[in-house]
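So the structure is just underneath, and the comments pick up after that.
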Ligand code: DGJ
């Protein structure tokens, strides 16, 4: 890893994964010269299109052929001969939006500085280049930060904007990062969805004009996960250049890709400028959230492996990195709101028989909460359901030998609650408009520190009993009428971002106060599944969709960015409560197999004996494999209509799991074959189910024949009785030490 500087004007950031080269060019304008595979001689790179004679183009300050409209600019602004989407857009006290940033100085830091009030990737084995640009007229400084790591193909970028002038500035757009890619045909990959249907993959040709994924819902949201990859045409799992971006941010974001007039592509990532207005007073500064970019020369698997390792090592709280997650029984789809102490203790006994390690009391435990119309905000045990309180219940559950987990939805309040009756002003709202409701609830105004302080106190009162091992932090609505009565009119455009800053302050305080509690991020499933939340909470409830077929697409999609370590799943009921499908326990179990946190949410007394036996077997296997689900390498081997095949190599490389799903049965089907990846070609791998020894070489070259679905009465090895929703797990154990 190195940050090289030539003549104080050329900068090359390189490690074994990529090089990123920028330089100060004419008029002290900062330009990007190169982003791609590591370069041996970065100074040989010339600026992209430094000066071209283009008929009818505008020239910067009248300088002949200095046309910024096709330059790859590091931090483009509006109105200075570049017509593409800028990184920065604001209004000055003259009422116009023309700013001009020019190079001033640079410095290199040995590690990585933290951002103010925002989570960001941790440093270590890293260097940071800070480039300072200035608008002399308005006396504004823009500090661009670039961190490069020794061991990861990730480039971290953010910006700090400092108003040293005499006048306030209204910022409308302040991107975290802008990346330019030279003219070429590209494809885009992103993930869209909604509740219970998160992470659907869409791959399209990069259109002319702009393609934007964003959120104006207050949370990053499942509608578009904050992830966009721009890649070479025909990029596959193993080949092609991929430029992928995400943000360490949980609020309104936007990531766009724009194909300019001259076919170059500009990627911009940051807070969504839509409805964002930040009044930066003279003397104040603001930091953007951090953008992370991965470059992969080895297609999408190469990209995913870069993200996975980085998220494990530099985003997820270090404390839980190597801690296997307990198998759990969650009360939600077993009991919904109908919970009480007697029932929970009975469930605890049943959970023990099944081999489960933790009991999680989900929604319904607090004052008056019998359905979703009331009580959010009143974080005290319901006296009728839990006369001895939560502390006693947690103690009793722990005394039986289980861990105990509890659900909260702290950011919300029902109008029907003491909290709302006592503090009607503590919600996001605007004057003269009746507030919209989502799941009968309102959003608390976390831009007010008094609200965060109250929540910290109320939640701490419960957690400080010392008997709570896990907290599920839920959030079940998108924001509407985003306004706060605590700020003047000119600052109302700041509230969505201030809410997220307030939320981060609260999460920071709580996770520091209760470092041994395992927190799980949930927003009706994956409605806020992003690296901002994962900086505080080591895992996420990936989706409320626990039907195996519904889950496959979700796990497959999420795996492009997220490692198995941060995902949670359970075996839910059949028929599935979301889509009504009837499925076997085995297929429900296997769909969530590659998640670090696994459990069940089932009405145990109403299960058949056979089902109970199966669950016991699966829970035992969950407990046995829980350590293996941390770290490791995940491969998407096959995704076709009705077929998914994934491979997972454990972090010590001693085991390989191959999971195949066949969704709808058909007649006279072909036999699919997959080539395994990442094995040691000289090693032997033992397939227990078939007492078969195969070399890594054969498995990677010839491949492995997936099971044949048949009606034959006598099933042979590698044959499965024909039916819908077949899931098969193959386990290979490495048999020798590779030479
Ligand atoms: C939504 C979550 O995704 C569910 O798992 C459950 O916790 C409910 N909220 C409880 O209200």
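Each value in this text was obtained by applying a stated rule to the coordinates, not by laboratory testing. Note that this is a predicted model, so its numbers are computed, not measured. Positions of Cβ are generated from backbone atoms using ideal geometry, with glycine treated the same way; all protein chains shown enter the neighbour counts.
Each peptide in 465-473, 287-295 gets a packing score, the mean of other Cβ atoms within 10 Å over its residues, and the list from highest to lowest is 287-295, 465-473. Take 58-64, 583-589, 594-600 and order them by the average number of nearby Cβ atoms within 10 Å per residue, most first; the result is 594-600, 583-589, 58-64.
Note on residue 234 and residue 318: with the Förster distance fixed at 30 Å, the Cβ-Cβ geometry gives a FRET efficiency of about 0.20. With the simple model of a label 7 Å out from the Cα in the direction of the Cβ, residue 611 to residue 516 spans 3.7 nm. Stretching residue 457 away from residue 111 to a fully extended chain increases their span by 121.1 nm, per 0.36 nm per residue minus the current alpha-carbon distance. The relative contact order of the chain comes to 10 percent, based on Cα pairs under 8 Å that sit 6 or more residues apart. Take every pair of alpha-carbon atoms less than 8 Å apart whose residues are at least six positions apart; their mean separation over the length of the range 2-315 yields a relative contact order of 17 percent.
Projecting label points 7 angstrom from Cα along Cα→Cβ for residue 56 and residue 716 puts them 7.1 nm apart. A helix-only calculation puts the chain at -5000 deg cm²/dmol for mean residue ellipticity at 222 nm, using -39500 (n - 2.57) for each DSSP H run of at least four residues, averaged over all residues. Hey, how many Å between the Cα centroid of the range 121-157 and the Cα centroid of the range 291-325? If we compute the Cα centre of each part, the gap is 20 Å. Between residue 6 and residue 639, the contour length at 0.36 nm per residue exceeds the Cα-Cα span by 223.2 nm. Using the Cβ-Cβ distance between residue 132 and residue 654 with R0 set to 51 Å, the FRET efficiency works out to roughly 0.55. This ranking places 320, 199 by how few other beta-carbon atoms lie within 10 Å of each, fewest first, which gives 320, 199. Its alpha carbons considered, the chain gives a radius of gyration followed by a Dmax of 27.0, 86 Å. Counting beta carbons within 10 Å around each of 195, 365 and listing the fewest first gives the order 195, 365. Averaged over residues, the count of other Cβ atoms within 10 Å places the peptides 256-266, 715-725 in the sequence 256-266, 715-725, highest first. Here residue 43 and residue 263 are evaluated by their C-beta separation; at R0 = 30 Å the FRET efficiency comes out at 0.70.
Maximal additional length on extending the residue 421-residue 697 stretch stands at 92.5 nm, based on 0.36 nm per residue less the C-alpha distance.
Mean projected area of the convex hull spanned by the Cα atoms of the range 43-119, taken over all viewing directions: 8.6 nm². Relative to the longest principal axis of the Cα atoms of the chain, helix 299-310 runs at roughly 80 degrees.
Dividing the mean sequence gap of close Cα pairs (under 8 Å, 6+ apart) by how many residues the range 326-629 holds gives a relative contact order of 18 percent. Between residue 282 and residue 664, the distance separating the two model label sites (each 7 Å from Cα on the Cα→Cβ line) works out to 6.9 nm. The mean of 1/r over all pairs of different alpha-carbon atoms in the range 634-734, once inverted, gives a Kirkwood hydrodynamic radius of 14.1 Å.
Where a ≥ b ≥ c are the square roots of the eigenvalues of the C-alpha gyration tensor, would you call the range 326-629 rounded, which needs a/c under 1.5, or, failing that, prolate if a/b is larger than b/c, or oblate? Prolate, because a/c is 1.5 or more and a/b exceeds b/c.
The C-alpha atoms of the chain define a longest principal axis, and helix 609-625 lies at about 50 degrees to it.
Prolate is the label for the range 291-406, because the ratio a/c of its alpha-carbon gyration tensor axes (a ≥ b ≥ c) is 1.5 or higher and a/b is greater than b/c. In degrees between 0 and 90, to the nearest 10, how far off the longest principal axis of the chain does helix 495-513 point, with axes built from Cα atoms? Long axis of 495-513 versus the principal axis of the chain: about 50 degrees.
Sort 400, 41 so the one with the fewest other Cβ atoms within 10 Å of its own Cβ comes first.
Placing the least packed residue first, the sequence is 41, 400.
Which of rounded, prolate, oblate describes the range 450-566, given a ≥ b ≥ c as roots of the alpha-carbon gyration tensor eigenvalues and a/c under 1.5 marking rounded, otherwise prolate only if a/b is larger than b/c? Verdict is oblate for the range 450-566.
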